[in-house]
Amino acid sequence: MNKFEQLGLSESLLKAVLDLGFENPSEVQEKAIPLLLEKDTDMVALAQTGTGKTAAFGFPVIQKIDANNRNTQALILSPTRELCLQITNELKNYSKYEKGINVVAVYGGASITEQARDIKRGAQIIVATPGRMQDMINRGLVNISQINYCILDEADEMLNMGFYEDIVNILSTTPDEKNTWLFSATMPAEVARIGKQFMKDPIEITVGTKNSGSATVSHEFYLVNARDRYEALKRIADANPDIFSVVFCRTKRDTQAVAEKLIEDGYSAAALHGDLSQAQRDGVMKSFRGRQIQMLVATDVAARGIDVDNITHVVNYQLPDEIETYNHRSGRTGRAGRLGTSIVIVTKSELRKISSIERIIKQKFEEKTIPSGIEICEIQLLHLATKIKDTEVDHEIDNYLPAINNVLEDLSKEELIKKMVSVEFNRFIAYYKKNRDLSTQSGERRERDDRDGAPRENNNGGATRYFVNIGSRDNFDWMSLKDYLKETLDLGRDDVFKVDVKEGFSFFNTDPEHTEKVMEVLNNVQLEGRRINVEISKNDGGGRRDHNGRSSGGFGGGRSSGPRREGSFAPRREGSGGFRSDRNSAPREGGFRSERGSAPRREGSSDRAPRRSESFGDSPRPRRPRRD
Ligand code: ADP
Ligand code: MG
């Protein structure tokens, strides 16, 4: 008997759970579902984003409504149309083995008459944004005077967005004897007020610490000059060829501008903000879910609550005005127990905000330096090599092989590899030569090193940088790799630093005195039967120690709006697949990103990609130890 069966769910729901690939209930589900099934009660449930709140109310509500009665029995309010659609979709999945249940989404920007017609056909559950719901009530298009359940999802966000009055108005047209379930990540005063006003002795459930961020998200910041913000964003993207991210900007205008620049510079990016039409927004979300877009540039409002699997990075291009918002942003990644990184690009004047955020999320930020040109070259090249290795061969190509062999037959394997990689590398080199000028201008850090009296050798701040052939696909994140290396090499707490984990490989630094030991010990170690290979890397990983003074980000001369394409930072080329939008956004092909066990990329699928075997319970990733 699995744990879902112990919650009291019906056969048909359990069957749906099986299809969804959920193995164990999350904590909020475990606590909320049995109570809601057993009793007719009000409830306040507080749990961070990504903890599975939708199913915590979704399963009980489906089980409790009467499918034979076509009246509207449950109303779910949620802050945005994207979320509305997401919840509706989710509920449809849950109820797919239950006959006669209709769930209708009601949100602005789409035809109100069509929505009214769908409701008329009999919708036991309505999922609505407060604004459109209020509108429909005013026009008499919906009747919620008989509902038994009202669910406020992401209540804090709804109130943040100024829906207080709408919510109060809507609730006042519902019967007194209904049950109200309030789900929220945080409990600001306004949410408490709604609770007091509209709920009777609600059962309270709290999962995790209130207001704290997810433990599977690590937080990093990059200090840059204001004019280098955009350049920094590009480098972050270039140093993470597999990036799948939401980039937050403060205003619609900035959102649009950043997205446009990224697209011009060859990245697969798109904007999501309130000035777009409904159809445009749907299109963007569809491409993002389908992973044709790697960088979704969004405003806070537009991206509220969005649940897309496997977002690797949240980038705060600008910090939000309200510090609380940071939590909502970073909650887009690290979902369902997976690891994620939340990055902030800050200028000196904003630095104090970092400390305020640290206090709220009860986690520390790590200061990072913008990757150097060399580092990015290395990453991209190794990424290319990994991509070649992982590419599945489509046997269509067999027909062309004789001709190709003809052209290449005189080359040895070594030559062939060199040439293949050079296709990419020659451009990197070209870039890198240009870029060298830039980095010589960033003397700030070197001066600091001199002042600090830090030893300097061969231009890398005295440390040795290594490349090692293990990475996130071996279930390492930077912390667990650091621990592993310290242990394996029998080194002290601070002897391994600047650990950067990529998919198939990683970088780290030690002081030169350990170089010999690292090379000798590590090259003779096996990890799960595979030989570890460590090499000294050419790049310095941006300096000696983590808190080695705050440099300007290492590319002082960069103009914020650098020349495009050729001149722009990264060498991009046709077919590199690494990070460019393949014109007119043909679906990006498998390519570089070898996602294992994750959502298949499909064209035109608006459905949530099926999730498999990634449960809260037995996440294959190592849990990130808490840092305090
Ligand atoms: P929240 O509303 O708390 O932010 P969601 O309900 O959107 O979280 O769920 C986050 C993700 O976790 C979704 O992709 C969801 O399908 C998945 N999920 C929910 N419950 C489980 C479970 N029991 N096992 C595995 N994955 C789950
Ligand atoms: Mg939610």
Per residue, the convex hull enclosing the alpha carbons of the range 70-140 has a volume in Å³ of 78 Å³
A correct Karplus calculation of ³J(HN,Hα) over the range 112-121, with 6.51 cos²θ - 1.76 cosθ + 1.60, θ = phi - 60°, whole Hz and x for Gly and Pro, returns 6, 5, 5, 4, 4, 5, 4, 5, 4, 5
Charge tally for neighbours of residue 6 with beta carbon under 15 Å away, counting Lys, Arg as +1 and Asp, Glu as -1, is -4
In the neighbourhood of residue 467 defined by beta carbon distances under 11 Å, the net charge of the other residues (Lys, Arg +1; Asp, Glu -1) is -1
Sorted by chain and number, the residues with a modelled amide H under 5 Å from that of residue 181, at a separation of 5 or more or across chains, are 43, 150, 151, 152
Note, the range 141-158: 3J(HN,Hα) by Karplus (6.51, -1.76, 1.60, θ = phi - 60°), whole Hz, Gly/Pro = x, goes 8, 8, 10, 10, 7, 10, 5, 9, 9, 10, 10, 9, 9, 6, 4, 4, 6, 4
If each K or R counts +1 and each D or E counts -1, the residues other than residue 181 whose Cβ falls under 15 Å of its Cβ total -3
Taking alpha-carbon centroids only, the range 283-348 lies from the range 104-177 a number of Å equal to 27 Å
Expected sort for 251-259, 407-415, 512-520 on mean C-beta neighbours within 10 Å, highest first, is 251-259, 512-520, 407-415
By the Kirkwood definition, with r running over pairs of different Cα atoms, the range 215-284 has a hydrodynamic radius in Å of 13.6 Å
With N residues in the range 260-417, Rg(alpha-carbon) / (2.2 N^0.38 Å) equals 1.40
Taking max minus min of the Cα coordinates of the range 105-174 on each principal axis, largest first, gives extents in Å of 33, 28, 19
Diffusion coefficient in µm²/s returned for the range 156-261 by Stokes-Einstein, Kirkwood Rh over C-alpha pairs, 20 °C and 1.002 mPa s, is 119 µm²/s
Descending packing, highest mean Cβ count within 10 Å first, for 50-57, 367-374 is 50-57, 367-374
Given a 1.4 Å probe, the accessible area of the range 82-238 per residue, as a whole number of Å², is 39 Å²
Listed by chain and number, the residues whose amide H is under 5 Å from that of residue 204, excluding neighbours fewer than 5 places away on the same chain and using placed H, are 44
Counting all Cα-Cα pairs in the range 1-153, those more than 19 Å apart amount in percent to 51 percent
For the range 258-378, averaging the sequence separation of alpha carbon pairs under 8 Å that lie six or more residues apart and dividing by its residue count, the contact order in percent is 18 percent
For the range 46-54, in residue order, the Karplus 3J(HN,Hα) values (coefficients 6.51, -1.76, 1.60; θ = phi - 60°; whole Hz; Gly and Pro = x) are 10, 7, 4, 5, x, 9, x, 5, 4
Averaging 1/r across every pair of distinct alpha carbons in the range 40-91 and inverting yields a Kirkwood hydrodynamic radius, in angstrom, of 12.5 Å
Taking alpha-carbon centroids only, the range 359-393 lies from the range 1-67 a number of Å equal to 38 Å
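The values are calculated or read from the model by the stated rules, or taken from the named source; none is laboratory data. On a predicted model such as this, the values are computed, not experimentally measured, just so you know. Neighbour counts run over all protein chains shown; Cβ positions are idealised from the backbone, glycine included. The protein model used for the area step is the full one, side chains on, heavy atoms only, and it has no ligands, DNA or RNA in it. Shrake-Rupley method; radii C 1.70, N 1.55, O 1.52, S 1.80 Å.
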